[in-house]
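Novice: Below are the C-alpha cells for one structure; questions will follow.
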Amino acid sequence: MGYGIALMFILVVLWGYRMFSQKVPDVVQARPDVVIHATEMTRDFNVNSAEVNQKYGNKIIRVTGTVTQVNQSGSVILGSGSDGSEIVIGLDQRHQQDVQKVTVGMQAVFQALYTGYEAGGVDKGDDLLSSLGATIHLRSGGLIKEN
C-alpha cells in the first residue's frame, strides 16, 4: 500500500512538472484560422455580434488595419473608420517590441487570438461611449507586417 501511494505521488509530481514547464505556443507563428480586414471584422460585429462571436471564438485572427493608437505598455488599437469600432490587440511578451515598429496612421497586419468583444449601439442609453461601435479584443498578438 505504501508503494502505491509513493508511486501516485511521483506521478503527480511528474505531471505537475510537465504542465508547468511547457512553453505557451506563439500564436503569431501559427497558421491563422481567419484572415480579415479590420473594417470587415468590425462591420460583421456591428451587424450580428452574437453570431460572429461564435464564429471567431478562440480562433487565431490575422487582421489588417490602420493603427489609431499605440500603448507603450503592450497594446495596439486598429480603427475601422467612422463607426467608432476598434480592435484592441494585446501583444504577447515575446512581441512587446512591436509597439516600437508601428505608428499612428500606418497600415499594419497583426495576428492574435480572439477573446471577446463589447457591443456598442445607440439603444444602450444616452452614454456617448455606449453609442460607439463594437470593441473587439485580441490577445497574445504580434506584428506580422507593417506598411
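Taken together, the values in this text are just the output of simple stated rules run on the coordinates, not laboratory data. Being a predicted model, the structure only gives us computed values, none of them experimental. Using ideal geometry, Cβ is built from the backbone for each residue, glycine included, and neighbour counts are taken over all protein chains shown.
Novice: Per 0.36 nm of contour for each residue apart, how much would the distance between GLU51 and GLN69 grow if the chain were fully extended, relative to their Cα-Cα spacing?
Specialist: That pair, GLU51 and GLN69, stretches by 3.7 nm at full extension.
Novice: Positive end of the dipole of region 1-97, charges at C-beta (+1 Lys, Arg; -1 Asp, Glu), about the Cα centre: which of SER75, ILE89, ALA30 has its Cα farthest in that direction?
Specialist: It is ALA30.
Novice: Go ahead and collect, in residue order, the members of region 43-72 whose backbone nitrogen is under 12 Å from a label point 7 Å along the Cα-Cβ direction of ALA30.
Specialist: 57-62
Novice: Taking 7 Å along the Cα-to-C-beta vector as the label spot, tell me the HIS37-VAL13 distance in nanometres, rounded to one decimal.
Specialist: Taking the simple label geometry, HIS37 and VAL13 are separated by 5.9 nm.
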